[in-house]
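This report refers to the structure that appears directly beneath it.
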Amino acid sequence: MTASLTRKQQREQTRMQLLDAAVDCLVEFGYAGTTTQRIQDRVNLSRGALSHHFASKTELLVAAIHHIAERRLELLRSAADEIEPGPHALPQVVSVIQSAMSGPPFLAALELWISARTDPQLRAALLPPERRLGRALREIFEKATAQTDPAQVRLAFDVLLIFLRGLAITSILRNDDDSRDEVVSYWLDHMAPRLLGDE
């Protein structure tokens, strides 16, 4: 028989449900349409219960930023663990980074990035977890290109990240898996060798 949750565990469970609901609302309604009312309705909580965990929408969304980053890092590390070292590592790494640029956590993060352009408080909260995620992506990329000049690796990684982010944003308006795969294959066949000095 499972022991009942302690009060602390119940609070943490409710907090996680609120953060998951915030992510879902960001994806479904966008930043402007994500209200505390919608979030509390999704979790079936009263306004008082929500404010017990988060005093304001800003506080809730700042916590959601870190929650989203942790979810993205978990997915990333899980996928990176499956990468086999060797000549086929780079395509696997590109696939892992591409997967980090898709799905609900990425779409929720995208909503926050756009809003952070005109919201200094949101931007300040967003930068540290995004930098942490960027470092994790870079480490995975560097492992697949260990024999290459570090300056070339840095340039190749930056180009790849900008390219895949642009591809992910484009896919919002034109979701074409075949075209996306073709463009990624072109990068691997033609751009990666030039950037990494392999040609």
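Bear in mind that the values in this text are calculations on the coordinates, not laboratory data. Source: prediction; values computed, not measured. Glycine gets a Cβ as well: all are built from the backbone with ideal geometry, and neighbour counts include every protein chain shown.
In percent, what relative contact order does the stretch 7-195 have, based on Cα pairs under 8 Å that are 6 or more apart in sequence? Mind dumping the intermediate values first?
Numbers: 128 pairs, mean separation 41.3, N = 189.
Computed over the stretch 7-195, the figure is 22 percent.
With Kirkwood's inverse mean 1/r over C-alpha pairs for Rh, give me the Rg to Rh ratio of the chain, two decimals please. All intermediate terms of the calculation are to be shown ahead of the outcome.
Working: Rg = 19.5 Å, Rh = 18.7 Å.
Taking Rh as the inverse mean 1/r over Cα pairs, Rg/Rh reads 1.05.
Within the stretch 149-199, which trypsin sites (Lys or Arg not before Pro) sit in a loop by DSSP and count at most 15 neighbouring Cβ atoms inside 10 Å?
Working: sites: Arg154, Arg165, Arg174, Arg180, Arg194; in loops: Arg174.
Answer in residue order: Arg174.
State the dimensionless ratio Rg/Rh of the stretch 73-160 (Rg: radius of gyration of Cα atoms; Rh: Kirkwood radius). Don't skip to the answer; put the middle values down first.
On the way: Rg = 14.4 Å, Rh = 14.1 Å.
Using only Cα positions, Rg/Rh for the stretch 73-160 is 1.02.
On a 0 to 90° scale, report how tilted helix 57-80 is relative to the longest principal axis of the chain, with both axes built from alpha carbons and the result rounded to the nearest 10.
For 57-80 against the chain, the angle is about 40 degrees.
Using only the alpha-carbon atoms of the stretch 1-70, report the extent along each of the three principal axes, biggest first, to the nearest angstrom.
For the stretch 1-70, the Cα extents along the three principal axes come out at 43, 27, 19 Å.
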